[in-house]
């Protein structure tokens, strides 16, 4: 995995935190304060699909169906892994 | 009348080693173990004066608690564990619960010897349980379900959709709903295996599909939102569900396009559309024989056994047969005696016609010459979102109570993927920082309402559009809101 300090990963995690915060109507600090994203209020099945689709659009990647599982949505970092595996670290045009 | 839990205890006596229940925590119980836990708990809570609140989670302990209350002859009130504390407290107090059962310790119950005991037979009019649903004034209301009400549903469902000991039933809906009444009491009454879908797996269609495949689920009863998600962004079409014989759905309209897609993915599974509000449980049923044509509406079918469906026209007449259109009203053993301690609400919801007492559903329907019923819409502010029933007035009342809100209207906007998305239009009071108000209002809702009632978006407006009579025009409002609908809907 890319080290956490790399600029691409920071851009990726920032966009994830921002997307989740925006969709749930909370601040990025609120997102980072919880141990897992599942503890965030309103992080339900609809929010999960919306978060994923917004990030896919933003990073122009497509996540394979069998990767859309609870483990991938546990934290901002696990979502970053999911998106980079789908090619997000290749950089955005 | 056979009480709804008697079938389960009879199966437990016949085949105690048969698997009864698995839950997401890896807790597997046999019929004998579940019956033992329920009996020990029943002895512990026996003598409680008043109702018992059961904090409801997708866990074996919640099922054991329901069975224990029925065994002890004490009505139970399921309270969703995920509700905000304030709403939980309201329900416990509103239902005057004498006891709250939370996180039942199954190991302790299984380790306690069980004295054989005589259990009283409930009378048909005794309360079995009370289910809370959204109310139009900002407070949820309790729907009383008697033993006769529950037994009428279970008896019909046992005939219409029978289960066998070899069947495996996935329990997808939260246990504080009326959908799992089928899973729990028809399923356990038949000796079938129940599999509580873990809350996390229920959130992820691919994980949910895997769960159905691995547990070799034969029967699934769920809301259309959850079923259509099973074919969206999953590998269901390639992987299939070879064991799944029967799917039942209810709670909202299954749009024809996603239903057709779902049915094509599962060509060997039989499907039925069930309809009924929480006040009656299922009152009509329609077997969906083939994928429906696009842009049609699937029927809700014909009345179930022991139920009379009428269509009430504006002049107060109720049509019982032949082609007609009007508000769908229901009479029969399934109909609730009313709302807990809300005689005025009960009176408004019931209408007498001829010898019968009908519950007014608020749903508008049309009956064809052959008796087939189709829904047309609502005559009030009740909407369905993600399979949940929501009174828009409940959300409006919560938002109106915020000090920075002058006026508010909540609208349900059809969404191609879901049934409806909720949008709140708020006119702020006095000078406020707009960018801070929206998150504050969302938080305000989250602290007071179930998550599915929190608006997807809050729009701040200078004023609300009105009709000629000065009422808020929700139609004009939907047009005025800046809503990203993805693919444009009708």
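Of note:
- Within the stretch B:194-205, the set of residues being touching a residue at least 12 places away in the same chain (Cβ under 8 Å) and either facing chain A (nearest Cβ under 9 Å) or surrounded by fewer than 23 Cβ atoms within 10 Å (Cβ to Cβ) (or both) comprises B:198, B:199, B:200, B:201, B:202, B:205.
- When B:20, B:95, B:82 are checked against the criterion of being in contact with a helix residue (DSSP H, G or I) (Cβ under 8 Å, 6 or more places away or on another chain) and either surrounded by 22 or more Cβ atoms within 10 Å (Cβ to Cβ) or not assigned by TED's automatic domain parsing to the domain that holds residue B:134 (or both), a single residue qualifies: B:20.
- Only one of the numbered conditions (1) more than 22 Å from residue B:95 (Cβ to Cβ); (2) modelled with pLDDT under 95 is violated by residue B:47, and that is (1).
- Test result for residue B:79, under 19 Å from the mean Cα position of the chain (by Cα), under 16 Å from residue B:131 (Cα atoms) and in a strand (DSSP E or B): yes
- Looking at the stretch A:26-92, the helices (runs of 4 or more DSSP H) lying wholly inside it that each contain 2 or more residues that are within 14 Å of another protein chain (Cβ to nearest Cβ) and crowded, with 18+ Cβ neighbours inside 10 Å sit at A:45-59, A:76-85.
- Within the stretch B:359-404, being within 18 Å of the chain's Cα centre (by Cα) and closer than 16 Å to residue B:451 by Cα holds for B:383, B:384, B:385, B:386, B:387, B:388, B:389, B:390, B:391, B:392, B:394.
- Hits in the stretch B:402-419 - residues which are surrounded by fewer than 16 Cβ atoms within 10 Å (Cβ to Cβ) and outside any strand (DSSP E or B): B:403, B:416
- Residue check, residue A:8 more than 9 Å from chain B (Cβ to nearest Cβ), part of a helix (DSSP H, G or I) and modelled with pLDDT under 90: yes
- Boolean, residue B:174 is under 23 Å from residue B:71 (Cβ atoms), surrounded by fewer than 23 Cβ atoms within 10 Å (Cβ to Cβ) and either within 14 Å of another protein chain (Cβ to nearest Cβ) or in contact (Cβ under 8 Å) with a residue 60 or more places away in the chain (or both): yes
- Unique residue being within 14 Å of chain A (Cβ to nearest Cβ), assigned to a helix (DSSP H, G or I) and touching a helix residue (DSSP H, G or I) at 6+ places or on another chain (Cβ under 8 Å) when the list is B:422, B:399, B:437: B:399
The values are calculated or read from the model by the stated rules, or taken from the named source; none is laboratory data. None of the values given here were measured: they were computed from a predicted structure. FYI the Cβ positions are ideal-geometry reconstructions off the backbone, even for glycines, and counts take in every protein chain you see.
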